[in-house]
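Notes follow once the structure below has been shown.
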Amino acid sequence: MRIYHEAPNSIFEYVQELTDGDYALVHMLEKSKEYRDHFFEAMRIGRDIILDNSAFELGESFNLALFVDWIYKLCPTYYVIPDKLRDAEATVEMMDQFLKTWPAIEEGTGSKNIGVVQGTTYGECVWCYEQLAPRCDVIAFNKSYGEPEDTLEVRSKVRPEYINKMLEDGIIDTEKPHHILGAIYPQEMRLYTGDKYNLWNYVWYANESY
(Lines give C-alpha, C1' and ligand atoms only; values in the text may rest on other atoms or scores of the structure.)
Protein backbone atom coordinates (compact mmCIF):
# COMPACT_ATOMS: atom_id res chain seq x y z
CA MET A 1 0.00 0.00 0.00
CA ARG A 2 1.05 3.56 -0.68
CA ILE A 3 -0.16 6.22 1.75
CA TYR A 4 -1.32 9.71 0.76
CA HIS A 5 -2.48 11.89 3.64
CA GLU A 6 -4.25 15.22 3.55
CA ALA A 7 -2.26 17.57 5.81
CA PRO A 8 -2.77 21.03 7.34
CA ASN A 9 -0.12 23.67 6.77
CA SER A 10 1.19 23.52 10.33
CA ILE A 11 2.39 19.89 10.06
CA PHE A 12 2.68 19.49 6.30
CA GLU A 13 6.39 18.64 6.21
CA TYR A 14 6.07 16.24 9.15
CA VAL A 15 3.25 14.36 7.39
CA GLN A 16 5.40 14.16 4.26
CA GLU A 17 8.00 12.20 6.23
CA LEU A 18 5.38 9.52 7.01
CA THR A 19 3.74 9.22 3.59
CA ASP A 20 4.44 8.20 0.00
CA GLY A 21 2.76 11.21 -1.60
CA ASP A 22 0.78 14.38 -0.94
CA TYR A 23 -2.99 14.96 -1.17
CA ALA A 24 -4.15 18.39 -2.36
CA LEU A 25 -7.63 19.87 -1.98
CA VAL A 26 -8.24 22.26 -4.86
CA HIS A 27 -10.27 24.77 -2.83
CA MET A 28 -7.35 25.07 -0.41
CA LEU A 29 -4.98 25.81 -3.29
CA GLU A 30 -7.25 28.75 -4.11
CA LYS A 31 -7.55 29.82 -0.49
CA SER A 32 -4.02 29.64 0.95
CA LYS A 33 -0.69 30.77 -0.53
CA GLU A 34 1.18 28.74 2.10
CA TYR A 35 -0.77 25.66 1.06
CA ARG A 36 -0.02 26.33 -2.63
CA ASP A 37 3.67 26.75 -1.89
CA HIS A 38 3.79 23.35 -0.17
CA PHE A 39 2.46 21.65 -3.30
CA PHE A 40 4.59 23.56 -5.79
CA GLU A 41 7.61 22.52 -3.75
CA ALA A 42 6.34 18.92 -3.67
CA MET A 43 6.02 19.08 -7.45
CA ARG A 44 9.54 20.51 -7.78
CA ILE A 45 11.14 17.68 -5.77
CA GLY A 46 9.17 14.99 -7.56
CA ARG A 47 6.69 13.93 -4.88
CA ASP A 48 3.58 12.06 -6.02
CA ILE A 49 0.54 14.35 -5.75
CA ILE A 50 -3.17 13.58 -5.83
CA LEU A 51 -5.37 16.61 -6.61
CA ASP A 52 -8.91 16.27 -5.26
CA ASN A 53 -11.98 18.14 -6.53
CA SER A 54 -13.05 18.97 -2.91
CA ALA A 55 -16.55 17.52 -3.38
CA PHE A 56 -16.58 16.02 0.13
CA GLU A 57 -15.41 19.23 1.82
CA LEU A 58 -17.61 21.64 -0.17
CA GLY A 59 -20.68 19.44 -0.69
CA GLU A 60 -20.17 19.64 -4.45
CA SER A 61 -17.26 19.48 -6.85
CA PHE A 62 -15.17 22.65 -7.19
CA ASN A 63 -15.67 24.99 -10.16
CA LEU A 64 -14.71 22.82 -13.14
CA ALA A 65 -12.81 25.42 -15.17
CA LEU A 66 -10.74 26.46 -12.15
CA PHE A 67 -10.15 22.81 -11.26
CA VAL A 68 -8.82 22.13 -14.76
CA ASP A 69 -6.64 25.22 -14.48
CA TRP A 70 -5.08 23.80 -11.32
CA ILE A 71 -4.48 20.45 -13.01
CA TYR A 72 -2.45 22.26 -15.66
CA LYS A 73 -0.63 24.42 -13.10
CA LEU A 74 0.27 21.60 -10.71
CA CYS A 75 0.52 18.65 -13.11
CA PRO A 76 -0.36 16.23 -10.29
CA THR A 77 0.37 12.55 -10.57
CA TYR A 78 -3.38 11.95 -10.29
CA TYR A 79 -6.51 14.10 -10.20
CA VAL A 80 -9.95 13.07 -8.95
CA ILE A 81 -12.63 13.41 -11.64
CA PRO A 82 -15.58 15.57 -10.46
CA ASP A 83 -18.20 13.45 -8.70
CA LYS A 84 -21.31 13.78 -6.54
CA LEU A 85 -21.32 12.27 -3.08
CA ARG A 86 -23.55 9.18 -2.78
CA ASP A 87 -25.06 9.68 -6.27
CA ALA A 88 -23.96 7.05 -8.80
CA GLU A 89 -25.94 8.35 -11.78
CA ALA A 90 -24.86 11.97 -11.35
CA THR A 91 -21.23 10.88 -10.88
CA VAL A 92 -21.21 8.95 -14.15
CA GLU A 93 -22.85 11.87 -15.98
CA MET A 94 -20.23 14.24 -14.54
CA MET A 95 -17.42 11.94 -15.63
CA ASP A 96 -18.83 11.69 -19.16
CA GLN A 97 -19.17 15.47 -19.45
CA PHE A 98 -15.78 16.21 -17.92
CA LEU A 99 -13.84 13.81 -20.13
CA LYS A 100 -15.74 15.00 -23.19
CA THR A 101 -15.09 18.68 -22.41
CA TRP A 102 -11.42 18.29 -21.49
CA PRO A 103 -10.17 15.25 -23.44
CA ALA A 104 -6.52 16.35 -23.61
CA ILE A 105 -5.69 16.74 -19.92
CA GLU A 106 -3.61 13.58 -19.65
CA GLU A 107 -1.66 14.40 -22.80
CA GLY A 108 -1.11 18.02 -21.70
CA THR A 109 -0.11 17.34 -18.10
CA GLY A 110 0.93 13.70 -17.79
CA SER A 111 -1.64 13.40 -14.98
CA LYS A 112 -3.76 10.26 -14.64
CA ASN A 113 -7.36 10.33 -13.47
CA ILE A 114 -9.14 8.77 -10.48
CA GLY A 115 -12.85 7.93 -10.65
CA VAL A 116 -14.78 7.66 -7.39
CA VAL A 117 -17.40 4.94 -6.98
CA GLN A 118 -20.53 6.64 -5.63
CA GLY A 119 -23.90 5.27 -4.54
CA THR A 120 -25.57 4.05 -1.40
CA THR A 121 -26.60 0.46 -2.15
CA TYR A 122 -24.37 -2.36 -3.35
CA GLY A 123 -26.14 -2.43 -6.71
CA GLU A 124 -25.63 1.29 -7.29
CA CYS A 125 -21.94 1.00 -6.45
CA VAL A 126 -21.48 -1.98 -8.76
CA TRP A 127 -23.16 -0.09 -11.63
CA CYS A 128 -21.03 2.98 -10.98
CA TYR A 129 -17.85 0.90 -10.83
CA GLU A 130 -18.66 -0.76 -14.14
CA GLN A 131 -19.14 2.65 -15.80
CA LEU A 132 -15.94 4.13 -14.36
CA ALA A 133 -13.50 1.25 -14.71
CA PRO A 134 -13.04 1.29 -18.52
CA ARG A 135 -12.38 5.05 -18.57
CA CYS A 136 -10.43 5.72 -15.38
CA ASP A 137 -6.78 5.04 -14.58
CA VAL A 138 -7.50 4.46 -10.87
CA ILE A 139 -10.75 3.57 -9.08
CA ALA A 140 -11.47 4.97 -5.61
CA PHE A 141 -13.93 3.75 -2.99
CA ASN A 142 -15.09 6.50 -0.66
CA LYS A 143 -16.16 6.28 2.99
CA SER A 144 -19.79 7.38 2.55
CA TYR A 145 -21.70 4.23 1.60
CA GLY A 146 -24.67 3.05 3.63
CA GLU A 147 -27.51 5.11 5.05
CA PRO A 148 -26.85 8.63 6.40
CA GLU A 149 -28.74 7.87 9.60
CA ASP A 150 -26.52 4.87 10.40
CA THR A 151 -24.00 5.25 13.19
CA LEU A 152 -20.37 5.81 12.23
CA GLU A 153 -19.55 2.31 13.47
CA VAL A 154 -22.16 0.78 11.15
CA ARG A 155 -21.13 2.91 8.16
CA SER A 156 -17.44 2.07 8.66
CA LYS A 157 -18.25 -1.58 7.90
CA VAL A 158 -20.12 -0.96 4.64
CA ARG A 159 -17.16 -0.20 2.38
CA PRO A 160 -15.14 -3.35 3.24
CA GLU A 161 -18.33 -5.41 2.86
CA TYR A 162 -18.98 -3.94 -0.60
CA ILE A 163 -15.36 -4.40 -1.67
CA ASN A 164 -15.27 -8.02 -0.51
CA LYS A 165 -18.53 -8.79 -2.30
CA MET A 166 -17.30 -7.11 -5.49
CA LEU A 167 -14.18 -9.28 -5.35
CA GLU A 168 -16.30 -12.41 -4.82
CA ASP A 169 -18.64 -11.42 -7.66
CA GLY A 170 -15.76 -10.78 -10.05
CA ILE A 171 -16.66 -7.11 -10.48
CA ILE A 172 -13.28 -5.62 -9.57
CA ASP A 173 -10.64 -5.27 -12.26
CA THR A 174 -7.62 -6.69 -10.43
CA GLU A 175 -5.27 -5.31 -13.10
CA LYS A 176 -6.22 -1.73 -12.19
CA PRO A 177 -4.92 0.24 -9.18
CA HIS A 178 -7.47 1.15 -6.51
CA HIS A 179 -7.61 3.81 -3.82
CA ILE A 180 -9.25 3.70 -0.38
CA LEU A 181 -10.51 7.28 -0.18
CA GLY A 182 -10.73 8.54 3.38
CA ALA A 183 -11.63 6.57 6.48
CA ILE A 184 -14.16 6.90 9.27
CA TYR A 185 -11.85 4.84 11.48
CA PRO A 186 -8.20 4.20 10.47
CA GLN A 187 -8.51 0.67 11.90
CA GLU A 188 -10.45 -0.19 8.75
CA MET A 189 -7.17 -0.30 6.84
CA ARG A 190 -6.15 -3.42 8.73
CA LEU A 191 -8.90 -5.26 6.85
CA TYR A 192 -7.16 -4.79 3.51
CA THR A 193 -4.32 -7.25 4.08
CA GLY A 194 -3.45 -10.60 2.54
CA ASP A 195 -2.93 -11.80 -1.00
CA LYS A 196 -6.36 -10.89 -2.33
CA TYR A 197 -5.75 -7.21 -1.54
CA ASN A 198 -2.49 -6.88 -3.43
CA LEU A 199 -4.42 -4.81 -5.98
CA TRP A 200 -4.79 -1.94 -3.50
CA ASN A 201 -1.91 0.21 -4.71
CA TYR A 202 -3.04 3.45 -3.09
CA VAL A 203 -4.53 4.32 0.27
CA TRP A 204 -5.31 7.66 1.84
CA TYR A 205 -6.09 8.34 5.50
CA ALA A 206 -8.29 11.43 5.72
CA ASN A 207 -7.35 14.50 7.74
CA GLU A 208 -9.87 17.31 7.44
CA SER A 209 -8.49 19.74 10.04
CA TYR A 210 -7.10 23.14 9.00
For F40 the rounded accessible area (nearest 10 Å², probe 1.4 Å, non-protein molecules ignored) is 70 Å²
Distance in nm between E13 and L66 label points, each 7 Å along Cα→Cβ, equals 2.9 nm
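Order the following by accessible area, largest value first: W70, W102, W127. Probe radius 1.4 Å; ligands, DNA and RNA are ignored.
Details: W70 15, W102 70, W127 105 Å².
Order by accessible area, largest first: W127, W102, W70.
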The answer for the range 111-202, accessible area per residue at 1.4 Å probe in Å², is 46 Å²
At the level of C-alpha centres, the distance separating the range 22-86 and the range 90-116, in angstrom, is 14 Å
Cross-link reach from K84 to aspartates and glutamates, straight Cα distance under 15 Å and at least 8 residues apart if same chain, gives D52, E57, E60, E93, D96, E124
Between the modelled labels at D195 and T174 (7 Å from Cα along Cα→Cβ) the distance in nm is 0.9 nm
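Around S111, under 12 Å between beta carbons, what's the net of Lys plus Arg minus Asp minus Glu among the other residues? Don't skip to the end; give the middle numbers.
Working: positive: K73, K112; negative: D48, E106, E107, D137.
So the surrounding residues net to -2.
Evaluate the charge dipole of the chain about its Cα centre and quote only its size in Debye, nearest 20, assuming +1 on the Cβ of each Lys and Arg and -1 on the Cβ of each Asp and Glu.
Once rounded to the nearest 20, the dipole reads 280 debye.
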The extension gain from K100 to K157, computed as 0.36 nm times the residue separation minus the Cα-Cα distance, is 17.0 nm
For the range 47-57, in residue order, the Karplus 3J(HN,Hα) values (coefficients 6.51, -1.76, 1.60; θ = phi - 60°; whole Hz; Gly and Pro = x) are 6, 5, 9, 10, 9, 9, 7, 6, 4, 5, 6
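Probe radius 1.4 Å, ligands and nucleic acids left out: which of K100, K33 has the largest accessible area, and how do the rest follow?
K100, K33
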Comparing E149, E130, E34 in a Gaussian network model of the chain (Cα, 10 Å), the one with the largest mean-square fluctuation is E149
Rounded to the nearest 500, the 222 nm mean residue ellipticity computed for the chain from DSSP H runs (n ≥ 4, each -39500 (n - 2.57)) alone is -11000 deg cm²/dmol
Pseudo-spin-label distance D20 to R2, built 7 Å along Cα→Cβ, given in nm, is 0.6 nm
The chain: antiparallel bridges as % of DSSP beta bridges, rounded to 5, reads 0 percent
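Quote the relative contact order of the range 73-177 in percent (integer), defining contacts as alpha-carbon pairs under 8 Å separated by 6+ residues. Provide the component values of the computation, followed by the final result.
Numbers: 142 pairs, mean separation 25.3, N = 105.
Relative CO of the range 73-177 lands at 24 percent.
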Sorted on mean Cβ neighbours within 10 Å (highest first), peptides 164-170, 26-32 come out as 26-32, 164-170
If one builds a Gaussian network model of the chain from Cα atoms under 10 Å apart, the most fluctuating residue listed among V117, V126, V154 is V154
Where a ≥ b ≥ c are root eigenvalues of the Cα gyration tensor, a/c under 1.5 meaning rounded, otherwise prolate if a/b exceeds b/c and oblate otherwise, the range 113-171 counts as prolate
Carbon/sulfur accessible area of the chain, % of total, 1.4 Å probe, equals 49 percent
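Taking the Cβ-Cβ separation of D37 and N164 as r and a Förster radius of 41 Å, what is the calculated FRET efficiency to the nearest 0.05?
On the way: r = 41 Å, r/R0 = 1.01.
Working from the Cβ atoms, E equals 0.50.
The values are calculated or read from the model by the stated rules, or taken from the named source; none is laboratory data. As the structure is a prediction and not an experimental result, all values here were calculated from the model. All Cβ positions, glycine included, derive from the backbone under ideal geometry; neighbour counts span all protein chains shown. With ligands, DNA and RNA removed, areas are computed over all heavy atoms of the protein, side chains included. Shrake-Rupley method; radii C 1.70, N 1.55, O 1.52, S 1.80 Å.
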